[in-house]
1. Of 92, 32, 58, which is the most mobile in a GNM of the chain whose springs link Cα atoms less than 10 angstrom apart?
2. Given the options 102, 57, 152, state which has the largest fluctuation in a GNM of the chain using a 10 Å cut-off (strictly under) for Cα springs.
3. What longest region of the chain stays clear of trypsin sites (Lys or Arg not before Pro) that DSSP places outside H, G, I, E and B and that have at most 12 other Cβ atoms within 10 Å?
4. Would you mind checking which residues have amide H under 5 Å from residue 35's amide H? H placed 1.01 Å from N; only 5 or more apart, or other chain.
5. Could you tell me the center-to-center distance, by alpha carbons, between segment 1-70 and segment 79-96 in angstrom?
6. Can you give me the accessible area per residue for the chain, using a 1.4 Å probe, in Å²?
7. What are the ³J(HN,Hα) values, in whole Hz, obtained from phi via the Karplus relation 6.51 cos²θ - 1.76 cosθ + 1.60 with θ = phi - 60°, for each residue of segment 31-41 in sequence order, with x given for Gly and Pro?
8. Run the accessible area of the chain with a 1.4 Å probe and give the carbon-and-sulfur part as a rounded percent.
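The values are calculated or read from the model by the stated rules, or taken from the named source; none is laboratory data. Here the structure is a predicted model, which means the values were calculated and not measured. Backbone-built Cβ (ideal geometry, glycine too); neighbour counts: all protein chains shown. Only protein heavy atoms, including side chains, enter the accessible area calculation; ligands, DNA and RNA are left aside. Shrake-Rupley method; radii C 1.70, N 1.55, O 1.52, S 1.80 Å.
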Amino acid sequence: MYELLHFFEVALRNAMDARLCEWNTRQTNRQTGDSYGRDWLMDPAPLLTRLTRGDIDTATTRAATASKYRKGSGRGRPVQHGDVLAQLSLGTWWFLLPSRNDAGRQLLWKEALEGSFPHLTRKPEYLVSAVEGVYRIRNRVAHLEPLLNTGDVRRQVTNVREVLGEIDPALEQWAMGWQRVTTMLSTRPNVEQP
């Protein structure tokens, strides 16, 4: 399951990152009148700063630490966009998706993130719910909790499949072709637990 979850997270973040880079350049700094840079992680518009709730700073610190260890000498190369991107959590991506309770998230969806899912045919709230389900099972897997409820695992594999298909149907088809979860589930009884 972890293998599929890793792939899902990278596909989701890459799709959303591309749109956020474009969106950030269209935002204007009210104090200087200049546009923000393409690199929304290094020069985020205020809305992104608010919505990421400090996640960018945390990811930047982690990326700097990882860069030091990569070189082995205690001095690494400067932190770049991809380094910070890799350190953001799945929760950050889920939290950037639209919410009825946050006008900023709605605006970001309409102006940027909706384009990350060009094959979306359902209401955005179903997408958000699917990503939340995957996020929750990802946390269970990451904390080595048992996944005895095979019905929940099946639902989250379906959520992964649907979200990937909304990003790109070829991506969905490819991922579902190599993943091993459904084969494993077919050999186990369906165990439902509260």
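1. Its mean-square fluctuation being the largest, the pick is 32.
2. Checking each option, the largest mean-square fluctuation is seen for 102.
3. 123-179
4. The list, which skips near neighbours in sequence, is 29.
5. 6
6. Accessible area per residue: 55 Å².
7. Working through the residues one at a time gives 7, 9, x, 7, 7, 6, x, 5, 7, 5, 7 Hz.
8. 50
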